[in-house]
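The values are calculated or read from the model by the stated rules, or taken from the named source; none is laboratory data. Remember, it's a predicted structure, so these values are computed and weren't measured experimentally. Because the Cβ atoms are built from the backbone with ideal geometry, glycine has one as well, and the counts that use them run over all protein chains shown.
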Amino acid sequence: MINSTVAEISAALAAGDISSVEITQAYLDRIATLNGELNAFITVCEDSALLAAKAADEARANGLDSPLLGIPLAHKDIFCTKDILTTCGSRMLHNFVSPYNATVVERFNDAGTVLLGKTNMDEFAMGSSNETSFFGDVKNPWNTECVPGGSSGGSAAAVAADLCAMATGTDTGGSIRQPAAFCGVTGMKPSYGRVSRWGMIAFASSLDQAGPLAKSAEDAALMLNVMSGLDKKDSTSIDRPIEDFTASLNQPLKGIRIGIPKQHFAEGLSREVEQAVRDALTEYEKLGAIIKEVDLTNSHLSVSAYYVVAPAEASANLSRFDGVRYGYRCEDPVNLEDMYKRTRSEGFGEEVKRRIMIGTYALSAGFYDAYYRKAQKIRRLIKDDFDRAFTEVDVIIGPTSPHTAFKLGSKSDPVSMYLEDIYTIAVNLAGLPAASIPVGIANGLPMGMQIIGKYFDEAKILNVAHQFQQHTDWHKQKSTAITAASGES
Amino acid sequence: MALDKTEVEKIAHLARLHISESETHEVTTRITDILALIDQMQSVDTNAVEPLAHPLDLVQRLRADKITEEDQRDKLQQLAPASEDGLYLVPKVLD
C-alpha cells in the first residue's frame, strides 16, 4: 500500500481495509530501512506520528471522514512545526524547536494528516541539488550517485522512494518543480498568494510559494485543496473563493490551446528531454489539443534578474539571524559586532553567505538603480511576455529542467548551478502557477515536463496533468534500485 | 563588474559576515562571476519600463489597532541562547 496514491490510500482507509496506524507504521518501517542511505529526512517523528494515526483512526470510528484523514505526510524542514525541530537545513537553526505551527502545517493537521517527519533541503532553500544542506546531501532514489534536485530535494526523494504518501515543498525559483522532475514525482508551485507563507521561513518574500509534491496530479489537487486559502496572518495571501481542485480533473482536453515557448527548446536542452516532451505533446494532440508556438522573448534574462531580486530579499530576510533571540550563537564573543559576525559566519554555509553578499551589494548605496531597480524592470518584461502568450493559449508546456539529475559533487561552480533553473525561474518572477510531471525515463533517470498556467488557473494545470496521467504511466514508474534494496515486492 | 578585495570586505561588514584572509580570494572570484551573470540584464534598454516589485497588484489589508496576540514572552525567550529576567543578553556594548 505504501506505493499507492493518496486517493487510493484514502479509499482504503474509508473502506476499513487498512488503518492509519498500519499505513503509518509501514512508512516508518520504510524510513528506518532507507533513510540511512537517502538522507531524505532530517527529523523523524515516530511517536507523535503513531499517536496522530491512532487519533485519526478514532475520529474515523466516530464518523469523521475527509479525504486526507489519517494520510501520512512529510513537511519540508522550512515549515515551522510546533515542538518539533525546524532547521531550514542550516546550522543556524540546528537547535530551533519552533514554538508554533506554520499555517500550512496547521491546515494539514486540521485535515487529520499524520506527520512522519521533516525533510532535508538546501540550506534556507538556496540550491538546486540539496548539496548545501548542513545535514548532508540527499541521494536520488533512482541513482544514489545523483542529486535529487533542490531545494525541496528531501521531499521529492521521500515521495519517490515511498517514504511517505505525500510531502510539502516550497518553490522560489524552481525548488518544487526541479526536484520533482529529477525524482520522477508530480510537483506544483501555486500562484503567488494562493498558499499562506506564514510560518514558512522566508527566503525571497516576493517569490516564495509553498506547494505539493505527490505521486499524481490528483493527489496534488487533494493537497492543494487543504493548503490554499486566505490567511490573515500573511498580508500577501489572496482572498479568493474556495475551490475544489479535483472538480475539473476529468474535463476533456479537446480544443485546449497549448503554447510551446521556442526559447525553452533552444540550445542547452538535452536530446532525451526534448524528445520526451515532444512525445508528450503528440499525446496531447491525440487528446484534441492544439499546439502553438509562443514567444517568451525575455526569458533568457530571467536568471540574471532573479539573482538580484532573490539575494536582495534574502539579505534582508536573513538579517534576523543574529544570535540574539534563537538559533546558533558563536562561542565567547568579545563584543556585539564580533558576536554578530562570527555567529553568522559560523551559522551560515557558503552558498547562503554568497547570496547575502550579492544581495547586500545590490542594495548598497549607489547600486540600487543599476541592480535592484533594473531587475524589477526585467521582471516586468518577463511578466508581459507571459501575459501576451496567455492571450493566445491556455497553458504553456516545456521541459522542467534541461537534463536529468546530475552527479553529486559535479557542479562546484555557483553560476552553472544557477543556470539549472533556466526554465523555472521566470514563472516565480511573474508569480504564475506551474507544475512538473514525469514525462519519461532516460538512462535510468526520470525527466520532467513543466506545465505553466494563467494566474489562479491551478485547476487547469492539474486537469492537463491528470489527463496525461490517465493516458500514460510515467508517474507510476519506480526506481528498481530502491525497490530491490528494501526487499519490497 | 569585477570586485576587489576591499569592496568584498566592505560588503561583508555591511552584511555582518566575517570573511577570513584565506577565503577572500575565492569569495571575490565567485561574486565577480555571479555579477557577470547578473550584468547580462544590462544589455536590454528598460528606460520606458515600469519596475515590477510584486507579481500581483495587492492592496495592503488593514485591521483594527487592537491587541490580538497573547503574551508568550517566557515561552519565546526559552529559545534564546542567553536571557535573564525577561531580557535578551548580549555582550557588553558600553564599558
Within the range A:364-381, residues being under 16 Å from A:Ser206 (Cα atoms) and among the aliphatic types (A, V, I, L, M) number 2
Report, by residue number, each residue of the range A:230-261 that is of a type in the set (Asp, Glu), within 14 Å of another protein chain (Cβ to nearest Cβ) and out of contact with any Phe, Trp or Tyr (no Cβ under 7 Å at 6 or more places or on another chain).
A:Asp239
Name every residue in the range A:311-342 that is touching a residue at least 40 places away in the same chain (Cβ under 8 Å) and within 18 Å of B:Gln77 (Cβ to Cβ), in order of residue number.
A:Phe321, A:Tyr326, A:Gly327, A:Tyr328
With (1) closer than 30 Å to A:Gly444 by Cβ; (2) surrounded by fewer than 16 Cβ atoms within 10 Å (Cβ to Cβ); (3) among the hydroxyl-bearing types (Ser, Thr, Tyr) as the list, and A:Ser248 as the residue in question, which single condition is left unmet?
(1)
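Can you tell me which residue within the range A:458-477, out of those that are surrounded by fewer than 18 Cβ atoms within 10 Å (Cβ to Cβ) and out of contact with any Leu (no Cβ under 8 Å at 6 or more places or on another chain), is farthest from A:Gly440 (Cα to Cα)?
Of all residues in the range A:458-477, those surrounded by fewer than 18 Cβ atoms within 10 Å (Cβ to Cβ) come to A:470-473, A:476-477.
Next, only the ones that are out of contact with any Leu (no Cβ under 8 Å at 6 or more places or on another chain) stay: A:470, A:472-473, A:476-477.
Numbers: A:Gln470: 15, A:Thr472: 10, A:Asp473: 9, A:Lys476: 11, A:Gln477: 9 Å.
Filtering the range A:458-477 for residues that are surrounded by fewer than 18 Cβ atoms within 10 Å (Cβ to Cβ) and out of contact with any Leu (no Cβ under 8 Å at 6 or more places or on another chain), the one farthest from A:Gly440 (Cα to Cα) comes out as A:Gln470.
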Those residues that are modelled with pLDDT under 95 and either within 11 Å of another protein chain (Cβ to nearest Cβ) or touching a Ser or Thr at 6+ places or on another chain (Cβ under 7 Å) (or both), I need them from the range A:299-331; list them, please.
A:His300
So in the range A:403-414, with the set limited to residues that are touching an Asp or Glu at 6+ places or on another chain (Cβ under 9 Å) and surrounded by fewer than 18 Cβ atoms within 10 Å (Cβ to Cβ), which one is farthest from A:Asp279 (Cα to Cα)?
A:Asp413
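Please determine, by comparing only the residues of the range A:1-17 that are β-branched (Val, Ile, Thr) and under 18 Å from A:Leu249 (Cα atoms), which one is surrounded by the most Cβ atoms within 10 Å (Cβ to Cβ). Quick ask: steps written out before the conclusion?
Step one: list which residues in the range A:1-17 are β-branched (Val, Ile, Thr), which gives A:2, A:5-6, A:9.
Applying the additional criterion that residues be under 18 Å from A:Leu249 (Cα atoms) yields A:5-6.
On the way: A:Thr5: 21, A:Val6: 25.
Among those residues, the one meeting the criterion is A:Val6.
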Go through the range A:18-30 and give me each residue that's within 13 Å of A:Ala56 (Cβ to Cβ), crowded, with 21+ Cβ neighbours inside 10 Å and not β-branched (Val, Ile, Thr).
A:Ser20
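Find the residue count for the range A:53-81, including only residues that are touching a helix residue (DSSP H, G or I) at 6+ places or on another chain (Cβ under 8 Å) and either over 30 Å from A:Ala204 (Cβ atoms) or charged (D, E, K, R) (or both).
Pass one, the range A:53-81, residues touching a helix residue (DSSP H, G or I) at 6+ places or on another chain (Cβ under 8 Å): A:53-54, A:56-57, A:60, A:65, A:67-81.
From the residues that got through so far, the ones that are either over 30 Å from A:Ala204 (Cβ atoms) or charged (D, E, K, R) (or both) too are A:53-54, A:56-57, A:60, A:65, A:67, A:69-72, A:76-77.
Total satisfying the criteria: 13.
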Somewhere in the range A:258-279, is a residue surrounded by fewer than 22 Cβ atoms within 10 Å (Cβ to Cβ), in contact with a Ser or Thr (Cβ under 7 Å, 6 or more places away or on another chain), in contact (Cβ under 8 Å) with a residue 40 or more places away in the chain and not in a helix (DSSP H, G or I)?
no
Count - residues of the range A:300-321 that are closer than 30 Å to B:Glu84 by Cβ and surrounded by 19 or more Cβ atoms within 10 Å (Cβ to Cβ):
2
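Residue-wise test of (1) within 13 Å of chain B (Cβ to nearest Cβ); (2) farther than 27 Å from B:Thr24 by Cβ; (3) crowded, with 24+ Cβ neighbours inside 10 Å; (4) at pLDDT 95 or above.
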{"residue": "A:Gly359", "(1), (2), (3), (4)": "yes, no, yes, yes"}
{"residue": "A:Tyr371", "(1), (2), (3), (4)": "yes, no, yes, yes"}
{"residue": "A:Gln376", "(1), (2), (3), (4)": "yes, yes, no, yes"}
{"residue": "A:Asp385", "(1), (2), (3), (4)": "yes, yes, no, yes"}
{"residue": "A:Val395", "(1), (2), (3), (4)": "no, yes, yes, yes"}
{"residue": "A:Ser401", "(1), (2), (3), (4)": "no, yes, yes, yes"}
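Tell me which residues, restricted to the range A:408-461, are without any contact (Cβ under 8 Å) to a residue 24 or more places away in the chain and within 12 Å of another protein chain (Cβ to nearest Cβ).
Residues of the range A:408-461 without any contact (Cβ under 8 Å) to a residue 24 or more places away in the chain: A:410, A:412-413, A:415-416.
Across the range A:408-461, the qualifying residues are A:Ser412, A:Asp413, A:Val415, A:Ser416.
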Of the numbered conditions (1) touching a Lys or Arg at 6+ places or on another chain (Cβ under 9 Å); (2) outside any helix (DSSP H, G or I), A:Arg325 fails exactly one; give the number of that condition.
(1)
